1. Could you check Tyr34 against (1) farther than 15 Å from Thr125 by Cβ; (2) touching a Leu at 6+ places or on another chain (Cβ under 7 Å) and say which number it fails?
2. Give all pairs with beta carbons closer than 8 Å in which a residue from the range 64-85 that is under 25 Å from Gly35 (Cβ atoms) meets a residue that is basic (Lys, Arg) and outside any loop (DSSP other than H, G, I, E, B); count only pairs at least 6 apart in sequence or on separate chains.
3. Within the range 96-106, how many residues are surrounded by 14 or more Cβ atoms within 10 Å (Cβ to Cβ) and touching a strand residue (DSSP E or B) at 6+ places or on another chain (Cβ under 6 Å)?
4. Among all residue pairs at least 6 apart or on different chains, which show Cβ distances below 9 Å where the first residue, located in the range 107-131, is open to solvent by 20 Å² or more (accessible area, probe 1.4 Å) and of a type in the set (Val, Ile, Thr) and the second is modelled with pLDDT of 95 or more and assigned to a loop (DSSP other than H, G, I, E, B)?
5. Can you spot a residue in the range 36-50 that is in contact with a helix residue (DSSP H, G or I) (Cβ under 8 Å, 6 or more places away or on another chain) and either of a type in the set (S, T, N, Q) or surrounded by fewer than 10 Cβ atoms within 10 Å (Cβ to Cβ) (or both)?
Amino acid sequence: GTGVLHSEHNEGEHPLRLLQLWFYPDRKNHTPQYGEHRFVWEDRHNKWLPLVSGSTGQAPIVIHQDASIFAATLQAGHTLPFELSPHRALYLVQIEGESHIQGNHLKPRDALQSLGQSLSIQAHTDSHFLLIEMPQGNS
């Protein structure tokens, strides 16, 4: 077989942080598609910004899966809820800062999973989050 080589380089002056996520498509043999969008940083300030969604979602980048990805920055002392329906799951990553979520203290790079339960985030310090919402069983 033919090997595939893939590499990524940061040619800029500032540090680059990557969070790589892999999703299985909802069926085989989709034509590959690519999405790129320049998001306005302020659009995630104290609220959820949709980044990626399935074909029925509202995000600017679309994937072949029933999943959505959101980002938020939350000021220290502020609270941000996320409503989750009973048959859905979420996976949240604390990228920066510290927060309290349902009695859990999260620090940078900590993660939390919820199955069918909405949550409320309380930022202890200025915080940055990534949240993936999907059907239960896909996590």
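1. Exception for Tyr34: condition (2).
2. Between residues of the range 64-85 that are under 25 Å from Gly35 (Cβ atoms) and residues that are basic (Lys, Arg) and outside any loop (DSSP other than H, G, I, E, B), the close pairs are Ala71/Arg44; Ala72/Arg44; Thr73/Arg44.
3. 6
4. Within 9 Å, the pairs are Thr125/Ala76; Thr125/Gly97; Thr125/Glu98.
5. No.
The values are calculated or read from the model by the stated rules, or taken from the named source; none is laboratory data. A quick note: this is a predicted structure, and the numbers were derived from the prediction, not measured. Note that each Cβ is placed from the backbone with ideal geometry, even for glycine, and that neighbours are counted across all protein chains shown. These accessible areas exclude ligands, DNA and RNA; they are computed on the full protein's heavy atoms, side chains included. Shrake-Rupley method; radii C 1.70, N 1.55, O 1.52, S 1.80 Å.
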